[in-house]
Amino acid sequence: MALPLLLAACNTSTATPTPNAAAFPAAARPVANIVSPRWSDEDSRDKVGESVEVMDRAGVTPGMTVADIGAGEGYYTIRLAARLGTKGRVLAQDIMPEVRDKLAERVTRERLDNVSVKLGTPDNPGLPENSFDRVFLVHMYHEIESPYAFLWHLRPATRAGGRVIVVDADRPTNQHGTPPALLKCEFAAVGYKQVDYQPMPSAGGYLAAFAPSGARPDPAAIRACKE
């Protein structure tokens, strides 16, 4: 009986609808095309210690819960799973069904019991609220079609003290990077404060960390940043 009642409650007309991308300003800069589910091959990335350095700088420790958004073939998913251990959790997400399915097969094949795989959407990661210590956006921010909608929907997912970690290249978005000043502006427009910024050549550019700050703005009040 409880399940039908719950479903009925969710369908009441008094529920606040979730705003879609049309309610937010469009990106006032190019959005890069998704050209590959990988940034570089895993052996090359491991030789320069990319994942270890990123996880160290992001403060990832055993037992945390981390979302890997735009997970692709799972380079960070696999390594986060090992770092977090049996008491930690990884939610790996991608917006392309075929990529999600291949990653799910890899997770099953490698018996990663602390990893879940989910299909996201371009404007809303659909993460549960108050659930993540870290959210990773690695080499993919420049590919987000609706950055203000995406970041607005993402905000409630972080726990107190949680951080959104962005790794990207310092170059224009149409060249598969994000200028740091533009990144900071777009996050600030949706109510995030930049709490860390470090150059990171081993990962192709830099690492920036953001935390929710103040009230989440009304979508109509958000103003787009220019590159």
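Table: residues versus (1) among the acidic types (D, E); (2) over 19 Å from Y192 (Cβ atoms); (3) crowded, with 20+ Cβ neighbours inside 10 Å; (4) under 16 Å from the mean Cα position of the chain (by Cα).
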residue: P97; (1), (2), (3), (4): no, yes, no, no
residue: D101; (1), (2), (3), (4): yes, yes, no, no
residue: A104; (1), (2), (3), (4): no, yes, no, no
residue: R109; (1), (2), (3), (4): no, yes, no, no
residue: V115; (1), (2), (3), (4): no, yes, yes, yes
residue: V135; (1), (2), (3), (4): no, no, yes, yes
residue: L151; (1), (2), (3), (4): no, no, yes, yes
residue: I165; (1), (2), (3), (4): no, no, yes, yes
Pick from the range 205-227, criterion within 18 Å of the chain's Cα centre (by Cα) and not aromatic (F, W, Y), ranking: farthest from A157 (Cα to Cα): G205
Scan of the range 197-216 for residues that are free of Cβ contacts under 8 Å to residues at least 40 places away in the same chain and crowded, with 16+ Cβ neighbours inside 10 Å, ordered by number: G205, Y206
Any hit, the range 198-219, residues being farther than 21 Å from P128 by Cα and of a type in the set (K, R): no
Qualifying helices (runs of 4 or more DSSP H) (wholly inside the range 1-69; at least 1 residues being at pLDDT below 85 and of a type outside the set (F, W, Y)): 2-10
E50 of a type in the set (D, E, K, R), in contact (Cβ under 8 Å) with a residue 12 or more places away in the chain and closer than 20 Å to Y141 by Cα: yes
Answer residue from the range 85-115, given it is touching a Lys or Arg at 6+ places or on another chain (Cβ under 8 Å) and polar (S, T, N, Q) and is farthest from T61 (Cα to Cα) among those: Q93
Answer from L119, L127, L137 - the residue that is closer than 23 Å to G205 by Cβ and in contact with a strand residue (DSSP E or B) (Cβ under 9 Å, 6 or more places away or on another chain): L137
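Kindly indicate the residue of the range 171-186 that is of a type in the set (D, E, K, R) and at pLDDT 95 or above and also farthest from G205 (Cα to Cα) among those meeting that condition.
Within the range 171-186, the match that is farthest from G205 (Cα to Cα) is E186.
The values are calculated or read from the model by the stated rules, or taken from the named source; none is laboratory data. Please read all numbers here as calculations on a predicted model, not as lab measurements. Glycine gets a Cβ as well: all are built from the backbone with ideal geometry, and neighbour counts include every protein chain shown.
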